[in-house]
Each structure stands twice: as C-alpha cells, then as structure tokens.
1. Check residue B:88 against each of (1) surrounded by 17 or more Cβ atoms within 10 Å (Cβ to Cβ); (2) at pLDDT 75 or above; (3) farther than 23 Å from residue B:62 by Cα; (4) not basic (Lys, Arg) and name the one condition it does not meet.
2. Would you confirm, using the coordinates I've provided, whether residue A:135 is buried (at least 20 other Cβ atoms within 10 Å of the Cβ) and modelled with pLDDT of 90 or more?
3. Give me a count of the residues in the range B:164-211 that are closer than 23 Å to residue A:95 by Cα, hydrophobic (A, V, I, L, M, F, W, C) and touching a residue at least 60 places away in the same chain (Cβ under 8 Å).
4. Is it fair to say residue A:42 is of a type in the set (A, V, I, L, M), within 21 Å of residue A:203 (Cα to Cα), away from chain B (no Cβ under 14 Å) and part of a loop (DSSP other than H, G, I, E, B)?
5. Take residue B:10 and tell me if it is in contact with a helix residue (DSSP H, G or I) (Cβ under 6 Å, 6 or more places away or on another chain) and either surrounded by fewer than 17 Cβ atoms within 10 Å (Cβ to Cβ) or modelled with pLDDT of 80 or more (or both).
6. Within the range A:183-233, track down each residue that is out of contact with any Ser or Thr (no Cβ under 7 Å at 6 or more places or on another chain), acidic (Asp, Glu) and either more than 15 Å from residue A:21 (Cα to Cα) or assigned to a helix (DSSP H, G or I) (or both).
7. Output the residues belonging to the range A:45-64 that are touching a Leu at 6+ places or on another chain (Cβ under 8 Å) and within 14 Å of another protein chain (Cβ to nearest Cβ).
8. Mind listing just one residue for me: the one in the range B:146-179 that is within 22 Å of the chain's Cα centre (by Cα) and not hydrophobic (A, V, I, L, M, F, W, C) and, of those, farthest from the other protein chains (Cβ to nearest Cβ)?
Amino acid sequence: MTKPVLAFDNLTLGYDHHPVVHHLHGEVGQGTLLALIGPNGAGKSTLLKSIAGELPPLEGHILRRDPAPDGFAYLPQQAALDPAFPISVADLVAMGLWRHLGLFGGLGRSGRRRLEAVLAEVGLTGFERRPIGTLSGGQLQRARFARLLLQDAPLILLDEPYAAVDAQTVDDMAQLVLRWHQEGRTVIAVLHDLEHVRSHYPEALLLAREAIARGPVGDVLSPANLLRARRLAEAFDEHAPVCHRHAEAA
Amino acid sequence: MIENWLIDPFVEFAFMRRALAGGLALSLGAAPIGVFLMLRNMSLAGDAIAHAILPGAAIGYLLAGLSLPAMTGGGLIAGLAVALVAGGVARATQLREDASLSAVYLISLAVGVMIISMSGSSVDLMNVLFGNVLALDDGTLLLLASISTLTLLCLALGYRALVLECVDPAFLRSVSRASPLAHFGFLVLLVLNLVAGFHALGTLMAVGMMILPAGCARLWHQDLVPMLATAVATALLGTLSGLLLSYHAGLPSGPAIVLSLGALYLLSLLASPVGGLARRLRPRWHYTS
C-alpha cells in the first residue's frame, strides 16, 4: 500500500456510550478511492464525521497524516445545509476558497476566474446570482461539488453524495470523483448503490458497526458478507453490558 | 403643517429627543440581529431569552432599586446564562435550540414578576415589563448607543463566518475553527440587544424591534444585504412613527412603536411583490427558460 493518509487504531465511535463503529482497525493509503458501504445505522456517516473531526472517539484514535483543517474537504449529507437561507450560488460556492480568503479576503481576479471555472465544470454557469433556495436537489448538489473543487484538498470525504439526485447528475459527479482519483487524491465516499460501487470503485469497506470486509470491491460485496452486515447492524441492545474488549486484548 | 406635526414634538420636548435617539440606536443594532435570528429559525428562541432576562433584572432591582447598572448587569447575566446553556446544549446534543427554551421562558417570567411584585410597586413592574422609552436618562442612552455600536462592529467583522454558520455550519466547522465563535458570539450580541431593548420597550416587547423589521425585510428581498438594510430602515421608520403616534394620540410609547412596526409588517405581508400576498394577484406569466 502507498503511504497511509489515514489510520484507524482500535477506533470506537458512538453516541451515549453505545458504539456505532466498534473497534475499527485499518489504514487508508494515499490516492485510495474507497467506497464505504453498509446498511443504515452501520456507522458510515459517523466514521466520516469523526475523520472530519466532528465527533471525538469513545476509544482509540484516528490518525490523519495532514491534520491541518485544510488537509481535507468534507461533504456532509445534504440535510446539513439550510436551503432557505438567502445566499446566492456564487457566494456559497466561493466559500470553497475559505482557507485563502479567511474572514475578510476578497475573491480577486484569479478567485473569480476559478469560481467561474468550477461552476462551468459542474454545469451551473448562469446560475451565479440565483438564491440557493431556487435550485433543485441535483443542482444544489452540483453547487456543493463545485465548492469541493475549489477546496482543492488532498483528502475528500463524501457522505451520500448521490442521495436524491438524478442519473445524469450522478454520472457527472462520478466523473469528477474519477478525476480526483486520477489526480492522486484520496476519496472516501459513503454510498448505498452497490451497482454504482461495483462499476466505479476499486476498493470498498463494508461496515456494520464492525468492519465486515475490506478490499477489492468484488470480494467485499459477496452475498455472505452482505448478509452478515445486515444481521449485525440490526443488533442494537439498549441494555447491552459494558464492552471490555480492548482491556482484555491488552 | 405636516412638518410641524412631524418635527415639533422633538423640538419642544427633550424626552422625545432622547426617546428618538434611543430608538434609533436600538434600531441600528437590533434589526440586523433580528434578520439573523429569523434566518436561523430562532425567532421564538429570541423571545424566550428576552423573558429570561426578567428575573435577572428583577434581582438587580431587588438589590439596588431602579438602578441602571444593577438591572442591566442582572439582565445580562441571566440572559447570557440561558442563551449559552441553550446554545451549548444544541451543539453538544441533537436537541434544537428552541426545545428547552420555552420551559425556561415561562419559569423565568413567573419568577421575575414574583420578585418584582414582592418588593416593589406595580409602577415598577410595568416599567420592567413594558419599558419606558420616554424616560431614558443619560446613562441608559449611552448604554443603548454603545451596544448598537458594538453590535454593528462585530457583525461587520464576523459577517462571513456568521452567514456560513447559518447556512452550512457543518461546512464551516470543516474549514475553520470560527464556528463556535460565530455561534456564541451571535448569542452574546442577541442578549446584549435584548437588554438594550428591555430598557426601551420592556422584556415583553424587546424582541419586537428584532423580529418585526426582519419579517418585513424577508418579505421584500431574496438577498441578505438588502434584507439587512431594509430591516434597519423599517426599524427606524417604526420607531419614528411609533413615537409620533404615542405623542399625538396620547398612547403608551412602547406599544405604539411595536404597533407601528406591526403595521409595516402587515403592509409588507399584503403588498410585497416577493413574498407577500400581492404576488398572488399578479398575472401569471413566465419566462421561456
């Protein structure tokens, strides 16, 4: 494997002491294009959130080789954004340049050129002045991808990027993901469409609170693995005993 | 003739000039805060925090009588405590900011009214509940002006972070450490402006200077910058017309100001071509693409 940009060391994540991701080990090498799959409630979004620094682990660590805030770009689920807020498409997308602009910086000529370029790339030319509330779900997702393009980060985290968008948008955005991969960026995407994963992703991590399988997509997506994932994800016990696995192992 | 009607009250009476100055200061700070409050869907939360100021001010009153620093300080402490706890709860858990606030607001109101009525006259109680914009002294005027200056300064400095914190907080957290600062900074400005509003309009109507202008502005614009400008203009107009109304018709001034703002809001609701009812009456044409 190439140099790891991410390492999980006995990582346990969760809410209210209930684990959602349980004792995860592993590394993600630079330039990896990894699909994160698993049933609802399997901990995929939680894992991504924690990599982005939003959720401290209950146990263990995540090691990011480039821990600076600009070392990654994170696309949360669309619900995180308030589309009723009166802001234009151009303003929203331009915030991808936050680390260059900060609180006060102006876009400048080069910034404006880059903004135009990424809007053209996602097919939103002409939408610059439109309030984001007037965009369709697919168009809004295109705008968020344009912002990712401006962020120009070596590690890109996508949480269900294709939820509720049409086939054309999925195809266009998948092209961008492919290009990021070719540029040597590391991309981790939470996805539900297994056909899409099979045809677009070389590597997958099947998660169902624990890592079920990790490796080439063909091996990971075996019927036996998928069945096991479903069983494990359903097993939630309000009164589960305290886990001592780490203490026993040590 | 009409000029006399408009200008004479302020030329003749110092208390009217003071009320106008105080109201203008309040408008400049509170209206933009109100726009963000509304856009964050926190209108009712603002109301609740305003009521939470009451017991703090009441305790200040209990200790020092009708004293500006004591009542301001008490109100500030109580308001900040409630706002920061609510904000902290919202950040740390899945609960929304307004969930626990309605309980806090009722309890605070009851405690505040009880403290004041145990120790003071009903005139004092009316003063605290409804404010007295016609009796602003030098200290209070200075306080209102300082708060509005500070508010405008902070909004100008933190504008970009605050906008992003409202529209896409998860994104802001991923690119910057400014998110908690923007969130809590906003809550502090909110409390400061509510305390300012409390001196002029009382705890019950302090939020009026925020939400009514913001509601008007939202109805006229789809962009944030003109929305902020319209909100300030609406607040200024409402203050001026409210004071004149109260002077000429002999009405209590606080309610007159809020009623003027309410009238502007109703007008916007009916007439605005962007968000108002008028747009339903327009011919239904559309572009080709």
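1. (1)
2. Spelling it out, it is not the case that residue A:135 is buried (at least 20 other Cβ atoms within 10 Å of the Cβ) and modelled with pLDDT of 90 or more.
3. Total meeting the criteria: 3.
4. It is true that residue A:42 is of a type in the set (A, V, I, L, M), within 21 Å of residue A:203 (Cα to Cα), away from chain B (no Cβ under 14 Å) and part of a loop (DSSP other than H, G, I, E, B).
5. It is true that residue B:10 is in contact with a helix residue (DSSP H, G or I) (Cβ under 6 Å, 6 or more places away or on another chain) and either surrounded by fewer than 17 Cβ atoms within 10 Å (Cβ to Cβ) or modelled with pLDDT of 80 or more (or both).
6. The answer is A:183, A:193, A:195, A:219.
7. A:46, A:48, A:49, A:50, A:51, A:52, A:55, A:64
8. By that ranking, first place goes to B:146.
The values are calculated or read from the model by the stated rules, or taken from the named source; none is laboratory data. Since the structure is predicted, the reported quantities are computational estimates derived from the model, not experimental observations. Note that each Cβ is placed from the backbone with ideal geometry, even for glycine, and that neighbours are counted across all protein chains shown.
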